[in-house]
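The block underneath contains the structure these notes are about, expressed in structure tokens.
The values are calculated or read from the model by the stated rules, or taken from the named source; none is laboratory data. Source: prediction; values computed, not measured. Here the Cβ positions follow ideal geometry from the backbone for every residue, glycine too, while neighbour counts run over all protein chains shown. Keep in mind that these areas ignore ligands, DNA and RNA; they rest on the heavy atoms of the full protein, side chains included. Shrake-Rupley method; radii C 1.70, N 1.55, O 1.52, S 1.80 Å.
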Amino acid sequence: GWTPTFTVATLDGDTLRSTDLKGKVVVVNFWATWCAPCRLEMPALQELHERRGPEGVVVVGLSTDVGPEEPIRAFLAEEGITYPVGRATQAHRTAFLGIAGVPVTFILDRNGMVRERVLGYFEGPAMNAAVDRVLAAP
């Protein structure tokens, strides 16, 4: 794995920095509103956010949509997504060693190192199992 350094300006106006997330297990999901498999896996990401947050799991969405952010906000509201979401930048793509397609999900350990990378649809049970593995790592 590697340790990406990144800053996310969320649509809610917060700033998330990789340096501030040390000690947490971070699930970073690159997605787009037009991407059907992205939409399919969002409920599992939302569930992780709600259920595993107290265990130290942080979910971050990075939208690769181009254009205004209003359609992204509307989509998130419609889907009931409350985990932090920002716009994917070139710096994010570089930090995660290039994003060939969406969805792609990275799971970072408590030291900020990438432990899992899943390209394509990530099923809820597999996502939870991967988070368990990274949470359990010393």
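A Stokes-Einstein calculation at 4 °C with viscosity 1.567 mPa s, built on the Kirkwood radius of the chain over Cα pairs, returns a diffusion coefficient of 88 µm²/s.
Under a 5 Å amide H cut-off, with hydrogens placed 1.01 Å from N, Arg115 pairs with Ile107, Leu108, Asp109 among residues at least 5 apart or on other chains.
Computed on protein heavy atoms with a 1.4 Å probe, the accessible areas place Asp65, Asp20 in the order Asp20, Asp65, largest first. Mean separation of Cα pairs under 8 Å and 6 or more residues apart, divided by the residue count, gives the range 19-138 a relative contact order of 36 percent. In whole angstrom, note down how far apart the Cα centers of the range 1-76 and the range 107-124 are. Value for the Cα centre distance between the two parts: 12 Å. A Förster radius of 25 Å combined with the Cβ-Cβ distance from Thr94 to Asp132 puts the calculated FRET efficiency at roughly 0.25. A 1.4 Å probe run over the protein chains yields, for the chain, 48 Å² of accessible area per residue, whole-number rounding.
Note the angle between two axes, namely the Cα long axis of helix 36-52 and the longest principal axis of the Cα atoms of the chain, as a number of degrees from 0 to 90, rounded to the nearest 10. Its long axis makes an angle of about 50 degrees. Given C-alpha coordinates of the range 59-131, what is the ratio Rg to Rh with the Kirkwood estimate of Rh? Using Cα coordinates only, the ratio equals 0.96. Rounded to the nearest 500, the helix-only mean residue ellipticity at 222 nm of the chain stands at -10000 deg cm²/dmol, with each DSSP H run of n ≥ 4 adding -39,500 (n - 2.57). To put it simply, the accessible area of the range 18-65 at a 1.4 Å probe is 56 percent carbon and sulfur.
The angle separating the long axis of helix 70-79 from the principal Cα axis of greatest extent in the chain is about 60 degrees.
For Glu123 and Thr19, calculate 0.36 nm times their separation in residues minus their Cα-Cα distance, and state this gained length in nm to one decimal. List each step's numbers first, then the result.
Values: separation 104, 0.36 × 104 = 37.44 nm, distance 2.84 nm.
Length difference between fully extended and current span is 34.6 nm.
Restricting the count to DSSP beta bridges whose residues both fall in the chain, what percent are antiparallel, rounded to a multiple of 5?
Numbers: 14 of 24 bridges.
Close to 60 percent.
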